[in-house]
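Below you'll find the structure, written out as structure tokens, and then a few comments.
The values are calculated or read from the model by the stated rules, or taken from the named source; none is laboratory data. A quick note: this is a predicted structure, and the numbers were derived from the prediction, not measured. Counting neighbours? That spans all protein chains shown, and the Cβs are built from the backbone with ideal geometry, glycine included. Surface accessibility is based on the protein's heavy atoms, side chains included, excluding ligands, DNA and RNA. Shrake-Rupley method; radii C 1.70, N 1.55, O 1.52, S 1.80 Å.
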Amino acid sequence: MAKITFITSDNETITVEGTSGSVMELAVQHGIHGIDGDCGGVCSCATCHVHVAQEHMHKTGAANEIERDMLELDDDADEYSRLACQLQLDEALDNIVLRVAK
Ligand code: FES
């Protein structure tokens, strides 16, 4: 079980809980504005782009190589960027804060 807090581009803060699957799937299930998951989670659309709160980067680690290739195409990407479809829900992510990319 992990509790995940999303901050949308409208500055809405939404906290949801999940036990399995990816953070993208959890966000889509809960209708988190700005996370679309267009490619279904195969790391080829970047519509699940989030910025991890700086103090929580240790919970996720940095983006993997395939993610970095996708994020390079996004002007809003920074060193805290991750693709939510590449984050699997587990205890390590509990209480993480993710800002949805614009
Ligand atoms: S859902 Fe497409 S890259 Fe994450």
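Any residue in the stretch 41-69 that's free of Cβ contacts under 8 Å to residues at least 60 places away in the same chain and of a type in the set (Ser, Thr, Tyr): show its pairings with residues that are outside any loop (DSSP other than H, G, I, E, B) and surrounded by 14 or more Cβ atoms within 10 Å (Cβ to Cβ) at Cβ separation under 8 Å, as long as the two are six or more apart or on different chains.
These pairs meet every condition: Ser44/Met70; Thr60/Val52; Thr60/Arg82; Thr60/Leu93; Thr60/Ile96.
Enumerate the helices (runs of 4 or more DSSP H) found wholly within the stretch 9-102, keeping only those where 2 or more residues are within 12 Å of the ligand (Cβ to nearest atom) and open to solvent by 40 Å² or more (accessible area, probe 1.4 Å).
Because the criterion is at least 2 residues that are within 12 Å of the ligand (Cβ to nearest atom) and open to solvent by 40 Å² or more (accessible area, probe 1.4 Å), the helices (runs of 4 or more DSSP H) in the stretch 9-102 that meet it are 23-29, 65-71.
Just wondering, is there one or more residues in the stretch 50-66 that are hydroxyl-bearing (Ser, Thr, Tyr), modelled with pLDDT of 95 or more and more than 13 Å from Val100 (Cα to Cα)?
yes
How many residues does the stretch 72-101 hold that are farther than 20 Å from Leu26 by Cβ and not small (Gly, Ala, Ser)?
Matching residues across the stretch 72-101 total 7.
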